[in-house]
Amino acid sequence: MEVRRHRRVVISSVIRYIVLIVVALVMIYPIIWLVGATFKSNNEIFTSISFIPKRIDFTPYIEGWKTRTKYTFTTFFLNTFRFVVPKIVFCLVSSTLVAYGFARFEFPFKKICFSILMATMFLPAVVTRIPLYILWKQMGLLNTYVPLIAPTMFANEPFFVFMLIQFMRSIPTYLDEAATIDGCNSFQTLMRVLLPSLKPALISCTIFQFVWSFNDFLGPLIYVTSLEKYPVALALKMSIDQSSGIVEWNQILAMSFLALLPALILFFSAQKYFVEGVTSTGVKG
């Protein structure tokens, strides 16, 4: 009986892993094909569904990085990080402070303010596009990164605020009380007691904000007009120049793959904390 039971367990495990591997391959096949297509010629891209190129050729990467302008993709990547990094920093700081207020303090109209904050999560971004554009235009800040960065200084991402509130609620309040007894004020309690425990949630917010900001196309398209200030998202669209009649798709795919790398590296390097942060936000309501 024990032998049969062990055999059934082994067979069940083998079948389960085979199914999981097949599903995983189906899910990641587009990425695998993208990597293979970066080494192909344009003709091979449209005539073969195989992800294995006939030969390895790094010319699409070299030529794609140079672009057809006087700027290389080095400029576009640096431009992207110039507004992505400040957005992450300001977003984490502002969201943490707002979440701290809602999670640990009592004040008049707290529930109403929290309801309004959560309601903004369901407000379509397109509704605020025109008013914000008029605002930044009147302030003379168009063609700068300020319109992309400044809103994050005011906790404009209620999703992150909600995530941090839920995580803080899972942290026992007796830690705050112990810190108060030891002479810590509210800010010191946040910095010395709560922030170390918030590390998984903060890393999750960082990954989300990085991916959203790095891949943002519409925001830079509206506010940035100078070629030398283009981020990667606009530079990739600029690379698709159909007016000439020839589109170097292998170069575009090569640059698209390079644009994916920062987010992939960040995610896999912080995967443990990301999963912990996302799952822990629902521990306590």
field: Stretch in the chain that is longest and holds no chymotrypsin sites (Phe, Trp or Tyr not before Pro) that DSSP places in a loop and that have at most 10 other beta carbons within 10 Å
entry: 110-285
field: Per residue accessible area in Å² of the chain, where ligands, DNA and RNA are left out and the probe is 1.4 Å
entry: 60 Å²
statement: With x for Gly and Pro, the residue-by-residue ³J(HN,Hα) of the stretch 210-222, computed from phi through the Karplus equation 6.51 cos²θ - 1.76 cosθ + 1.60 at θ = phi - 60° and given in whole Hz, is 4, 5, 5, 6, 5, 9, 5, 10, 5, x, x, 4, 6
field: the stretch 147-187 - Rg and Dmax from Cα coordinates, angstrom
entry: 14.6, 43
message: Explain nothing, just the number: relative contact order of the chain, from Cα pairs under 8 Å at least 6 residues apart, as a whole percent.
response: 29 percent
- prompt: Each residue of the stretch 131-136 in order: what ³J(HN,Hα) in whole Hz does its phi give by Karplus 6.51 cos²θ - 1.76 cosθ + 1.60, θ = phi - 60°, with x for Gly and Pro?
  reply: x, 5, 4, 5, 4, 5
message: With n ≥ 4 as the cut-off for DSSP H runs, can you work out [θ] at 222 nm for the chain, using -39500 (n - 2.57) per run divided by the number of residues, rounded to the nearest 500?
response: -21500 deg cm²/dmol
- prompt: Using a simple spin-label model with points 7 Å from Cα along the Cα→Cβ vector, what separation in nm is obtained for F154 and S186?
  reply: 2.1 nm
- prompt: Taking only the alpha carbons of the chain, what extent do you get along each of the three principal axes, in Å, biggest first?
  reply: 81, 70, 33
- prompt: In square angstrom, rounded to the nearest 10, how much accessible surface does V98 have for a 1.4 Å probe?
  reply: 50 Å²
- request: For the stretch 9-65, with all protein chains present and a 1.4 Å probe, just round the carbon and sulfur fraction of the accessible area to a whole percent.
  value: 78 percent
statement: Looking only at lysines whose Cα falls under 29 Å of K40's and that sit 8 or more positions away or on another chain, we get K54, K66, K70, K237
query: Using a Förster distance of 22 Å, how high is the FRET efficiency between R68 and I31, based on the Cβ-Cβ distance and rounded to 0.05?
result: 0.25
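The values are calculated or read from the model by the stated rules, or taken from the named source; none is laboratory data. Quantities reported herein were computed from a predicted structural model and do not represent experimental measurements. Counting neighbours? That spans all protein chains shown, and the Cβs are built from the backbone with ideal geometry, glycine included. To get the accessible areas, we keep the full protein, side chains included, count just its heavy atoms, and leave off ligands, DNA and RNA. Shrake-Rupley method; radii C 1.70, N 1.55, O 1.52, S 1.80 Å.
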